[in-house]
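First comes the structure, then the notes that go with it.
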Amino acid sequence: MKYSCVKIEGGLLSPDFLERITEVNGQSPESFGFDRKRSFVGELSSRWADVRSYWEAFQRRRERGKESLTTITRESWVIPLLELLDYRLTFQRAASVIKGRTYPISHRAVDGEVSDDELEKWPPVHIVSFDQDLGERPSSGRGNLSPHALLQDYLNKTDHVWGIVTNGRVLRLLRDSSFFTRPSYIEFNLEEMVREDRFDEFIIFFRLVHRSRLPSPGEEATCLLEKYYETTVAEGGRIRDGLRDAVEKAIKILGTGFLSHPENRDLRKKVEEGALTPTGFYRELLILIYRILFLTVAEERHLLFSPREKSDKFRILYERWFSLSKLRRLSENPPPASERFSDLYLGLKTLFVILGREDLASSLKLPPLNGELFRPGLFIDEALLSNRDLLYAISQLSFFTPPGERVRRRVNYAYLDVEELGSVYESLLDYHPVIRRNGEGWVFDFVEGSERKSTGSYYTPPPLVGELINSALMPVVKDR
């Protein structure tokens, strides 16, 4: 299920965590302090009605415009909302000072009466004005950090692990990210949640943000949010291992498929004559894999077309004839005699050409992705591939089985980031590509080696990730 009001950035929780949240520890009605005899959904339904009432009262008070919007945001909306999640917020009069730097955190989530001397031991909850973007520096007042950066830096420099920052429109759960290389948070779009009456997503919000999820002093390592994060880290290792195996299988399928296709005589001749080495062939297979995965991520994140353009004729045309989502659906139940036809790969090659040329891309209202990734003139752009081999490879990239598990999981590319893909490819660089012939024909395979060969030096993750972002992804983001 896709959630419109919940966003997970930086891998704090696994993509499928929300789907099985009722199965994890700390999610029984008793863990929220509810009477086991009372319906959990019934209790939340009552609180949801209160949330909507608070929102309407906040909007009326805001429209009068006679008071500070920061005060209105805190008093009429955020504090009452969090009280429904059993928070007791105490205003922090004096800013925290860490190593000479000032952190004007607005509130602390306390339990009971707490003295001013003890206040900073409790989880930080930073509430700013409704019109203050969490990622923008304040136009006036204290400090030069955005609300998000302020709380994140505070967490990184103290023993606090989790905290909350909100402007009333969105609320973010932040974790100490001292060792992270990218923004990491769990975000809830409160405004959309209430306006669109998304009670189902309020339940997720309640389950993750309830006061019992955050620690009391000295419990940072054992609080429920930290346990959920540690579970995600452990699962992430298994997922990467499973995805690495899936990508390796897909590369072998594609390589053998190209070499075996009866129409690819020129390709086989170049291999036999040494004009195309196994390493060179492997490089092109990696480019093809990256094209497929990049477009899959772009589609699932709605970067090519906005979700609001469902009825747009260009979007319909793209999804029906060119999209990777179409190929992923077909891979679940390949059509009969798929080994006899190659039209699906022809369509995919056509898409690559369209994306590589601005004039053609604009004809479909697609952003041109004319960087190194989609440069023409590769062997894979001239060769053919049977529908069977293409769909089999797509299937490997769409589903995987983590080590130690039996059930295949669908890869959620909307949440998969380029660093995770980079780690998968980095692990494959210790393999030597080989091309050989056996009794059944041509085979592309790997032989494990003791050091990285030329493929590794050419395809280290950071440069390729950077190329993806600079030449392909960033223009799309700017247009959207």
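Could we say that W77 is closer than 14 Å to F205 by Cβ, modelled with pLDDT of 95 or more and in a helix (DSSP H, G or I) here? In short, no. Within the range 96-110, take every residue that is aliphatic (A, V, I, L, M) and touching a Lys or Arg at 6+ places or on another chain (Cβ under 7 Å) and give me the one that is farthest from H126 (Cα to Cα). Top of the filtered list is I98. Scanning the range 413-468 for residues that are modelled with pLDDT of 50 or more and assigned to a loop (DSSP other than H, G, I, E, B) yields Y413, A414, Y415, L416, D417, L429, D430, G439, E440, G449. Of the residues contained in the range 184-191, one or more are found to be more than 22 Å from Q59 (Cβ to Cβ), within 16 Å of the chain's Cα centre (by Cα) and in a loop (DSSP other than H, G, I, E, B).
The set of residues from the range 356-394 being farther than 22 Å from S331 by Cβ, polar (S, T, N, Q) and either in contact with a helix residue (DSSP H, G or I) (Cβ under 7 Å, 6 or more places away or on another chain) or in contact (Cβ under 8 Å) with a residue 60 or more places away in the chain (or both) comprises just one member, N370. Would you confirm whether or not the range 105-112 contains a residue that is modelled with pLDDT under 95 and not in a strand (DSSP E or B)? Yes, some residue in the range 105-112 is modelled with pLDDT under 95 and not in a strand (DSSP E or B). Of R61, R47, all but one fail to be surrounded by 12 or more Cβ atoms within 10 Å (Cβ to Cβ) and in contact (Cβ under 8 Å) with a residue 40 or more places away in the chain; the exception is R47. Does E230 count as surrounded by fewer than 17 Cβ atoms within 10 Å (Cβ to Cβ) and outside any helix (DSSP H, G or I)? When the stated conditions are applied, E230 does not pass them. One residue is enough: does the range 185-197 have a residue meeting the conditions modelled with pLDDT of 95 or more, farther than 14 Å from I105 by Cα, surrounded by 21 or more Cβ atoms within 10 Å (Cβ to Cβ) and out of contact with any Lys or Arg (no Cβ under 9 Å at 6 or more places or on another chain)? Looking for residues that are modelled with pLDDT of 95 or more, farther than 14 Å from I105 by Cα, surrounded by 21 or more Cβ atoms within 10 Å (Cβ to Cβ) and out of contact with any Lys or Arg (no Cβ under 9 Å at 6 or more places or on another chain), one finds at least one in the range 185-197, hence yes. Whether any residue in the range 156-177 is under 21 Å from G26 (Cβ atoms), in the same structural domain as G42 (by the TED database) and hydroxyl-bearing (S, T, Y) is what I want to check. There is no residue in the range 156-177 that is under 21 Å from G26 (Cβ atoms), in the same structural domain as G42 (by the TED database) and hydroxyl-bearing (S, T, Y). Is there a residue in the range 27-40 that is hydroxyl-bearing (S, T, Y), within 22 Å of L173 (Cα to Cα) and either surrounded by 15 or more Cβ atoms within 10 Å (Cβ to Cβ) or not assigned by the TED database to the domain that holds N156 (or both)? No, the range 27-40 contains no residue that is hydroxyl-bearing (S, T, Y), within 22 Å of L173 (Cα to Cα) and either surrounded by 15 or more Cβ atoms within 10 Å (Cβ to Cβ) or not assigned by the TED database to the domain that holds N156 (or both).
The values are calculated or read from the model by the stated rules, or taken from the named source; none is laboratory data. No experiment lies behind these values; they were computed from the predicted model shown. Quick reminder, even Gly has a Cβ in these numbers, built from the backbone with ideal geometry, and neighbours come from all protein chains shown.
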